[in-house]
Structure formats: C-alpha cells, structure tokens
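Have a look at the structure below, then the notes.
The values are calculated or read from the model by the stated rules, or taken from the named source; none is laboratory data. Just so it is clear, the structure is predicted and the values come from calculations on it, not from any experiment. For neighbour counting, all protein chains shown are included, and Cβ atoms are generated from backbone atoms with ideal geometry for every residue, glycine included. Areas reflect the complete protein model, heavy atoms only, side chains present, ligands, DNA and RNA absent. Shrake-Rupley method; radii C 1.70, N 1.55, O 1.52, S 1.80 Å.
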Amino acid sequence: MELSVYNIKGEDTGKKIVLKDEIFGIEPNDHAIYLDVKQYLANQRQGTHKSKQRSELSGSTRKLGRQKGGGGARRGDINSPLLVGGARVFGPVPRDYSFKLNKKLKQLARKSAFSYKAQNGEIIVLDTLQFDAPKTKDFVAMTNNLKIADKKTLVILPEPNKFVYLSARNIAKAKVITASELNTYEILNNKALVLTEATVAEIEQHFNA
C-alpha cells in the first residue's frame, strides 16, 4: 500500500511511502485480535478483590438456635452467610488474571489490526514530528491541519520524545506512545493512527526481527 507523506502543517510533501503488505495488507484474523485484546485487558486487572470467609470474621462461634424445629433454615453461629453481617459464600479472593500467548499469534493480531486501519484509511504518515517546546496548542494545530481533531488519535513515535508527549498529555482524545509500546488494543481503540517515516521503519524492523 502506498501513502502520501505529510508534514505537521497538513501539507503533502510530495513524497510517497510504501507500507509492506505482509504487515499492513494481510487478511485480518479476528480470533487472534480477540485473544490479544483479551490478554491485554486481563493483564491490566489487579485481582485484589477480597471478601471475608466465615473463618475470617470476628464473632462468637456459639450455635444460635437448635438444629431442628425452629421453623427456618439451619444455621450455626452469628457468622453464618444466612445472617446480615455474616460471611459471603464463595466470595472473590485475590487472583492473577494474566495469561500468556505465543509470539507469532500476538504478531498476527497486530498485523491484523494494522491491516484494518489501512483498509479504512485511518493511517497518516508524517515526514517527522518535532516540537521546540511542550505546547498543547502546537499539537492541537497539528490535529486540525490533518483534519483529525475530532477523532480519537494515537501518535506512534520511533523513540520517546518528551516535548511531543507533554504537548498531547492534556488532550482527552490523543495519546502518544513509542513503536516498542504498541499493542493490538491501542491500535484498534483509536480512529486515527499518526506515524512518522521513522516509525514505519521501526515497526517493519520489529516484525522482521
């Protein structure tokens, strides 16, 4: 796939860049995408939820009523789950939700996500992206020039850039990451991907590694 290269003023530089079909032009695999996104979201969970078991409550262990003949369900002490303030039956306990996927499947998922974005025309390539100082208005001006100010935007840089990151930090619909931080969820969770020529080279090198 061939795309025009723009500058931060939204002007066509006259240059063209070819996105490799084996990364940006494959037949997307929806199940691979599902698994990779599921893993990403699962890994974000802290798993610190906890409710008290019967043995963890402080309270008398004296049996409150007789076993039979009371007219209600049998129960033991005041910590019984049947009573208000009692324990919880099969309540949540701390656990680790993370799981592993193999490298080839994760790469297939990310290639599929890139291919969807390329098919929908949601990839913009810039010649370079540099700011002289951290200024939000400069970042906003760039999104206006590229006509993506109203879209949820993901800017992907080849390497960390403090000025670009700080300029986008206060914009709700914008996020800046590096190529090494890419994941399927972030690619699909944004309506516009802004890459630089160096970013494209970095992505292609990563998938060929």
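What the table shows:
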{"item": "Which listed residue is open to solvent by 20 Å² or more (accessible area, probe 1.4 Å), in contact (Cβ under 8 Å) with a residue 24 or more places away in the chain and within 14 Å of Val194 (Cβ to Cβ), from Thr128, Thr153, Thr143", "result": "Thr128"}
{"item": "Given (1) open to solvent by 70 Å² or more (accessible area, probe 1.4 Å); (2) closer than 30 Å to Met142 by Cα, number of the condition Ile8 does not satisfy", "result": "(1)"}
{"item": "Selection status of Ile148, aliphatic (A, V, I, L, M) and touching an Asp or Glu at 6+ places or on another chain (Cβ under 7 Å)", "result": "no"}
{"item": "Search result, residues across the range 155-175 that are in contact with a helix residue (DSSP H, G or I) (Cβ under 7 Å, 6 or more places away or on another chain) and under 21 Å from Phe207 (Cβ atoms)", "result": "Val155, Ile156, Leu157, Pro158"}
{"item": "Qualifying residue in the range 159-166 (condition: of a type in the set (Lys, Arg) and closer than 25 Å to Gln39 by Cβ)", "result": "no"}
{"item": "Odd one out for Phe114, checked against (1) open to solvent by less than 30 Å² (accessible area, probe 1.4 Å); (2) in a loop (DSSP other than H, G, I, E, B); (3) under 30 Å from Ala179 (Cα atoms)", "result": "(2)"}
{"item": "In the range 21-78, the residues that are surrounded by 12 or more Cβ atoms within 10 Å (Cβ to Cβ), outside any loop (DSSP other than H, G, I, E, B) and of a type in the set (A, V, I, L, M, F, W, C)", "result": "Ile23, Phe24, Ala32, Ile33, Leu35, Val37, Ala42"}
{"item": "Boolean, Lys100 is of a type outside the set (S, T, N, Q), under 30 Å from Ser115 (Cα atoms) and open to solvent by 100 Å² or more (accessible area, probe 1.4 Å)", "result": "yes"}
{"item": "Enumeration of residues in the range 3-17 that are assigned to a strand (DSSP E or B) and out of contact with any strand residue (DSSP E or B) (no Cβ under 6 Å at 6 or more places or on another chain)", "result": "Gly14"}
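Yes or no, residue by residue, for (1) among the aliphatic types (A, V, I, L, M); (2) closer than 22 Å to Arg95 by Cβ; (3) at pLDDT below 95:
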residue	(1), (2), (3)
Pro28	no, no, no
Val37	yes, yes, no
Ala42	yes, yes, no
Gly71	no, no, yes
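Let's see how each residue does on (1) in contact (Cβ under 8 Å) with a residue 24 or more places away in the chain; (2) over 16 Å from Gly10 (Cβ atoms); (3) out of contact with any strand residue (DSSP E or B) (no Cβ under 7 Å at 6 or more places or on another chain):
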| position | (1), (2), (3) |
| --- | --- |
| Leu108 | yes, yes, yes |
| Ile123 | yes, no, no |
| Thr136 | yes, yes, yes |
| Ala168 | yes, yes, no |
| Ala179 | yes, yes, no |
| Val194 | yes, no, no |
